[in-house]
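The structure under discussion appears below in the form of structure tokens.
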Amino acid sequence: MNYQNVSFLASYGLLKQIPPSKRMEVAFAGRSNVGKSSLINKLLGRKALAKVSAVPGKTATINFYDLDKTIHLVDLPGYGYAKVAKSEKYRWAELIEGYLNDPERDLGLVLLLIDMRHPPTQLDCQMADYLIETERPFLVVLTKADKLNKTEREKRLSAIADELPCGDELTIVPFSSQTGEGVEVLRGILEEISTPEEN
């Protein structure tokens, strides 16, 4: 897969604006300021394809990117930012839940991003529960892995399985947008799910 052949497609602020799936989609979910835009940029080898905001909660739309005319990457709004009007929170929730709950979407995988430095928030656990209940395939990406030393990393990795629903069965990928840790693992996963199965 050519990660240089990537382009921004569109942003949608309302569920009714989102067109039907044209390719398999891989969605990125996580709380505000967890590093979704930084992860997408690092994954694609770009500096500013996905806008990195200094203000948490800035991404208020669902953003679609085309990767090598093979799959679409879908950046969902960050959840859990307190300094947003309730009406905006409801709109974001409708966007996220509506997108994930649409049985017609060709959703191959959801990457649930969690800050490795901290235990999952209540909203992170609720999102994991939601993905399990709706039977959406997902894995957990632990962002900002470079911020921890070896002992802290091992402690968080051993704890995360107990902190999330069905943790023992989860695929967990430590990731750093600074060092590039986890990039090749995630690229391998994307290529695996986008390759047609042989009969």
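Restricting segment 8-23 to residues that are open to solvent by 50 Å² or more (accessible area, probe 1.4 Å) and in a strand (DSSP E or B), which is farthest from Gly188 (Cα to Cα)? Here the residue is Ser11. Against the test of being basic (Lys, Arg) and either surrounded by fewer than 17 Cβ atoms within 10 Å (Cβ to Cβ) or part of a loop (DSSP other than H, G, I, E, B) (or both), the options Arg153, Arg117 yield a single qualifying residue, Arg117.
Here is a yes/no grid of residues against (1) modelled with pLDDT under 90; (2) more than 15 Å from the chain's Cα centre (by Cα):
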{"position": "Gly13", "(1), (2)": "yes, yes"}
{"position": "Ser21", "(1), (2)": "no, yes"}
{"position": "Ala50", "(1), (2)": "yes, no"}
{"position": "Tyr65", "(1), (2)": "no, no"}
{"position": "Leu76", "(1), (2)": "no, no"}
{"position": "Arg91", "(1), (2)": "yes, yes"}
{"position": "Glu97", "(1), (2)": "yes, no"}
{"position": "Glu104", "(1), (2)": "yes, yes"}
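Being assigned to a loop (DSSP other than H, G, I, E, B), more than 19 Å from Ser177 (Cα to Cα) and in contact (Cβ under 8 Å) with a residue 40 or more places away in the chain is not true of Arg136. Annotation: Lys144 fulfils all but one of (1) surrounded by fewer than 15 Cβ atoms within 10 Å (Cβ to Cβ); (2) out of contact with any Leu (no Cβ under 8 Å at 6 or more places or on another chain); (3) of a type outside the set (Phe, Trp, Tyr); the unmet one is (1).
Going through segment 26-40 one residue at a time, which ones are part of a helix (DSSP H, G or I) and farther than 15 Å from Val6 by Cα?
Matches in segment 26-40: Lys36, Ser38.
Restricting attention to segment 157-176 and to residues that are open to solvent by less than 50 Å² (accessible area, probe 1.4 Å), modelled with pLDDT under 95 and not aliphatic (A, V, I, L, M), the residue that is farthest from Met127 (Cα to Cα) turns out to be Gly167.
Quick check on segment 25-34. Is at least one of its residues touching an Asp or Glu at 6+ places or on another chain (Cβ under 8 Å) and of a type in the set (Ser, Thr, Tyr)? No, the conditions are met nowhere in segment 25-34.
The values are calculated or read from the model by the stated rules, or taken from the named source; none is laboratory data. No experiment lies behind these values; they were computed from the predicted model shown. Cβ sites come from the backbone with ideal geometry, for glycine too, and all protein chains shown count toward neighbours. These accessible areas exclude ligands, DNA and RNA; they are computed on the full protein's heavy atoms, side chains included. Shrake-Rupley method; radii C 1.70, N 1.55, O 1.52, S 1.80 Å.
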